[in-house]
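Visitor: The structure is given below, and queries will be raised subsequently.
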Amino acid sequence: MSMPTFRQVTKENLSVNNPVLVQVLGICSTLAVTNKVVNTLIMTVGVSLVTAFASFTLSWIRHLIARRVRMIFQVLAITFYVVLFQLILNAFAPEVARSLGPYVGLIITNCIVMGRTETFAPANPPLISWWDGFTSGIGYMAVLVLLSVIREPLAFGTIADFPIFPPQYVSDGYNWTIAIMAPSAFFLVAIIMWVFKTNGLKKEEALKAAKTANAMGGAA
Amino acid sequence: MRINKDSHVFTIFFTFAVTLVLVFPLTLAFVTTKPIADNYWRLQHWVKTLRSMGISADAAHPHQAERAYQALKKYTVKGTVNYDAVKANPHSLAITRVNDEVINKALQDTSYTGNLPIFFYSTVVDGQKRWAGDFTGPGLWGNVSLAVGVNADGSQITGVQVLFDVETPGLGGRIGEPWFTGQFKGLETSQGVVFNPSGQKLPNGMDAIAGATITSTAVRDILNNRALILLKAFIAQKGGQS
């Protein structure tokens, strides 16, 4: 297998192999944090940075890690960056740390972080592993921010705490309680996946059709 | 030199080395950021304790908040609290005065857990006695810590503020928002606090947060099973003094 290029990695992580829509990883936080845009942004920035640096670190020392103890090292590296991120948030953005509550700590067990450090980092050099981790986080961010931009107005009448519906929307109870709660993201993720995959399939078929046409043209 | 990464000795040595290398900067980061986090937590504590007593305070004016907080009379509880015994006999609660240093030390120890010891405060607002306290109980994810204030005879709540919580963002985490904490002002305490039936506002009723039943119940239970019982005992013991 040849070494993946930066361009391939980017394309894989952002679309064809999107961690949420295709690999269906990181679903717990996808459901949990996406009812506010600001929370979603900070959470996904955290996941992107942690995945990037944990992949970098583990790739850098990959020749020294015995395969049977690799998970200990993965958890060590991931925990290190998550705790660092949490300490920085606590000190410099205490309001955000407060509003994210337990979710920052739970990045440690985010499936995307574990997935990238388990599959990509041990087989590739540090820089491209960093890029792979980072773009995986961005692919995750893209989907989550889309969800939160749909959920927050329905739930609280705001986008990033900026009111877009009149205050009566919430005070008179017109807001969607379901949009506040995690299950709404289930429906939304399913719809986004459906659209995404249908489009992807169409492209694939068009590509196949073009190839067959080419091959036939060559034969004729 | 060729390293056999699969040998036991190397694996053990390397795991230790990596752990050490990672723990060292983390400790450094912790030691440097802890005072900043502590300052924030202490300021929040001053402001919210004052607000629960109906005294205006603002985190934007830390010195004013500090002066107003220092002017409060402060007490704590000796030993562990037996709530049933206190309920039966308010004088069985052992209350002693504390100074600001003891409280600051307690705040330093709890800035990441919110597991505050019980502190009581008393002061006079507009010629009327006010009583307040910090009360902590279990929420959904961790501790929920409330500052609860009551009026001179303890018959009405003057304010509830959330000192600490790690509840679900967007759901239980909203207990800190003003629309939620604001609803407690003026509630009657004699029957305990209950959830409002839908569409009604009872004189001792609070609205729960949709989708956050456990956190809402935790707030109600901290109020009924801890705060109101202990504040009643506090007033019974100190209410006679001027």
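Visitor: Filter the stretch A:186-197 for residues that are over 15 Å from the mean Cα position of the chain (by Cα) and farther than 22 Å from B:I209 by Cβ and give the result.
Guide: A:A190, A:I191, A:W194, A:V195, A:F196, A:K197, listed by residue number.
Visitor: Suppose we filter the stretch B:209-231 for residues that are surrounded by 22 or more Cβ atoms within 10 Å (Cβ to Cβ), touching a helix residue (DSSP H, G or I) at 6+ places or on another chain (Cβ under 7 Å) and of a type in the set (G, A, S); how many remain?
Guide: 1
Visitor: With the stretch B:18-129 as the region, which helices (runs of 4 or more DSSP H) entirely inside it contain at least 1 residues that are hydroxyl-bearing (S, T, Y) and within 14 Å of chain A (Cβ to nearest Cβ)?
Guide: Here the list reads B:100-110.
Visitor: Collect the residues in the stretch A:24-57 that are within 10 Å of chain B (Cβ to nearest Cβ), buried (at least 23 other Cβ atoms within 10 Å of the Cβ) and more than 11 Å from the chain's Cα centre (by Cα), keeping them in residue-number order.
Guide: Hits for the stretch A:24-57 are A:V33, A:T34, A:N35, A:K36, A:N39, A:T57.
Visitor: Being under 15 Å from A:V20 (Cβ atoms) and not polar (S, T, N, Q) is the filter here; which residues of the stretch A:134-148 pass it?
Guide: A:G137, A:I138, A:G139, A:Y140, A:M141, A:A142, A:V143, A:L144, A:V145, A:L146, A:L147
Visitor: What residue, of A:G101, A:G133, A:G115, A:G137, is in contact with a Gly (Cβ under 6 Å, 6 or more places away or on another chain) and either more than 10 Å from every other protein chain (Cβ to nearest Cβ) or buried (at least 20 other Cβ atoms within 10 Å of the Cβ) (or both)?
Guide: A:G101
Visitor: Residues to consider are B:G137, B:G199, B:G173; find the one that is surrounded by 21 or more Cβ atoms within 10 Å (Cβ to Cβ) and either on the phi < 0 side of the Ramachandran plot or in a loop (DSSP other than H, G, I, E, B) (or both).
Guide: Every option except B:G173 fails the conditions.
Visitor: Could you go through the stretch A:195-214 and let me know if any residue there is closer than 23 Å to A:T44 by Cβ, in contact (Cβ under 8 Å) with a residue 40 or more places away in the chain and surrounded by 18 or more Cβ atoms within 10 Å (Cβ to Cβ).
Guide: no
Visitor: Among the numbered conditions (1) within 10 Å of chain B (Cβ to nearest Cβ); (2) touching a Ser or Thr at 6+ places or on another chain (Cβ under 8 Å); (3) surrounded by fewer than 21 Cβ atoms within 10 Å (Cβ to Cβ), tell me where A:P125 comes up short.
Guide: Result: A:P125 passes all but (1).
Visitor: Suppose we filter the stretch B:140-161 for residues that are crowded, with 23+ Cβ neighbours inside 10 Å and either of a type in the set (S, T, Y) or under 15 Å from the mean Cα position of the chain (by Cα) (or both); how many remain?
Guide: 10
Visitor: Part of a helix (DSSP H, G or I) and either buried (at least 19 other Cβ atoms within 10 Å of the Cβ) or out of contact with any His (no Cβ under 6 Å at 6 or more places or on another chain) (or both) - does that describe any residue in the stretch A:15-23?
Guide: yes
Visitor: Which ones in the stretch A:58-85 are within 18 Å of the chain's Cα centre (by Cα) and of a type in the set (F, W, Y)?
Guide: A:Y81, A:F85
Visitor: Go through the stretch B:66-101 and count every residue that is within 16 Å of the chain's Cα centre (by Cα) and not aromatic (F, W, Y).
Guide: 3
Visitor: Please name all residue pairs, on different chains or six or more residues apart, with Cβ atoms under 8 Å, provided the first residue is in the stretch B:161-186 and is closer than 16 Å to A:P94 by Cα and within 7 Å of another protein chain (Cβ to nearest Cβ) and the second residue is in a helix (DSSP H, G or I) and aromatic (F, W, Y).
Guide: Hits for this filter: B:P169/A:Y103.
Visitor: Helices (runs of 4 or more DSSP H) wholly in the stretch A:110-185 with at least 2 residues that are under 15 Å from the mean Cα position of the chain (by Cα) and at pLDDT 90 or above - which ones?
Guide: A:111-119, A:126-156
Visitor: Taking only pairs six or more apart or across chains, which ones have beta-carbon atoms under 6 Å, a first residue in the stretch A:77-101 that is at pLDDT 85 or above, and a second residue that is crowded, with 20+ Cβ neighbours inside 10 Å and not in a helix (DSSP H, G or I)?
Guide: A:Q86/A:V104
Visitor: Another question, then. Does A:A93 fit the bill of being surrounded by fewer than 23 Cβ atoms within 10 Å (Cβ to Cβ), over 30 Å from B:Y40 (Cβ atoms) and of a type in the set (G, A, S)?
Guide: Criteria not met by A:A93.
Visitor: Run down B:V47, B:V102 and say which single residue is surrounded by fewer than 18 Cβ atoms within 10 Å (Cβ to Cβ) and at pLDDT 90 or above.
Guide: Sole residue among the options that is surrounded by fewer than 18 Cβ atoms within 10 Å (Cβ to Cβ) and at pLDDT 90 or above: B:V102.
Visitor: Of A:Q74, A:Q23, which residue is closer than 29 Å to A:I192 by Cα and of a type outside the set (S, T, Y)?
Guide: Result of the check over A:Q74, A:Q23: A:Q23.
Visitor: For the stretch A:64-87, how many residues are assigned to a helix (DSSP H, G or I) and within 7 Å of chain B (Cβ to nearest Cβ)?
Guide: 9
Visitor: Sticking with this one: Which number in (1) at the interface with chain A (Cβ under 10 Å from one of its Cβ atoms); (2) surrounded by fewer than 14 Cβ atoms within 10 Å (Cβ to Cβ); (3) within 30 Å of A:H63 (Cα to Cα) marks the one condition that B:F10 misses?
Guide: (2)
The values are calculated or read from the model by the stated rules, or taken from the named source; none is laboratory data. For clarity, every value in this text was computed on a predicted model and none was experimentally measured. With ideal geometry, Cβ positions are generated from the backbone for all residues, glycine too; neighbour counts draw on all protein chains shown.
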